[in-house]
Amino acid sequence: MCMICVKCTQATRLHTATHLLHASLRKVLGEEVKQAGSDITAERLRFDFTFPRKLKPEEIQKVEGLANEAVQKDYKVTKEEMIYEDAIKSGALAFFKLKYPNRVNIYSIGSSTSSGSAFSRELCGGPHVSHTAEIGKIKITKEEAVSAGVRRIRAVID
């Protein structure tokens, strides 16, 4: 496999890991957590989210643990295409600062139904693995403030 393919595969794994971290943050800290941006390279991910305070070490451990539990459960990652309004009504999360087209892709991790029972369900146009076990172990390396009310997590995968 060429180095470009290795980097693309790694970035795909990290991209899907951001969905697991977002879902885990919401499960640990509450639904007030919303994505505020992300940046993914072949080496690491950066995930910005709304939250009013510094995370406690035990909260970071719990978020990391939930994300890795989803990896270990080897959830299937499925894609649905639907009209934007229907996607939001179905409970899919969206990055609301973005302008979405009329038809959007919804990626569900753990379920492909519109029932909202998935571990994660978000509008997204990025690359994804087909099963969470492909991601590898997620390790949060840093949590910090970005601006008032916005926190940042940096993470890597094995």
(request) Would you mind telling me which numbered condition in (1) open to solvent by 20 Å² or more (accessible area, probe 1.4 Å); (2) part of a strand (DSSP E or B) residue 127 fails? (result) (2)
(request) Return a yes/no flag: does region 50-61 have any residue that is more than 18 Å from residue 119 (Cβ to Cβ) and either of a type in the set (S, T, N, Q) or within 11 Å of the chain's Cα centre (by Cα) (or both). (result) yes
(request) State whether the residues of region 62-69 include one that is open to solvent by 90 Å² or more (accessible area, probe 1.4 Å) and over 16 Å from the mean Cα position of the chain (by Cα). (result) no
(request) Could you figure out which of (1) open to solvent by 40 Å² or more (accessible area, probe 1.4 Å); (2) free of Cβ contacts under 8 Å to residues at least 12 places away in the same chain isn't true of residue 32? (result) (2)
(request) Restricting attention to region 87-124, report how many residues are touching a strand residue (DSSP E or B) at 6+ places or on another chain (Cβ under 7 Å), at pLDDT 80 or above, open to solvent by 40 Å² or more (accessible area, probe 1.4 Å) and on the phi < 0 side of the Ramachandran plot. (result) 5
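The values are calculated or read from the model by the stated rules, or taken from the named source; none is laboratory data. Just so we're clear, the structure is a prediction, and the values are computed from it rather than from any experiment. Counting neighbours? That spans all protein chains shown, and the Cβs are built from the backbone with ideal geometry, glycine included. To get the accessible areas, we keep the full protein, side chains included, count just its heavy atoms, and leave off ligands, DNA and RNA. Shrake-Rupley method; radii C 1.70, N 1.55, O 1.52, S 1.80 Å.
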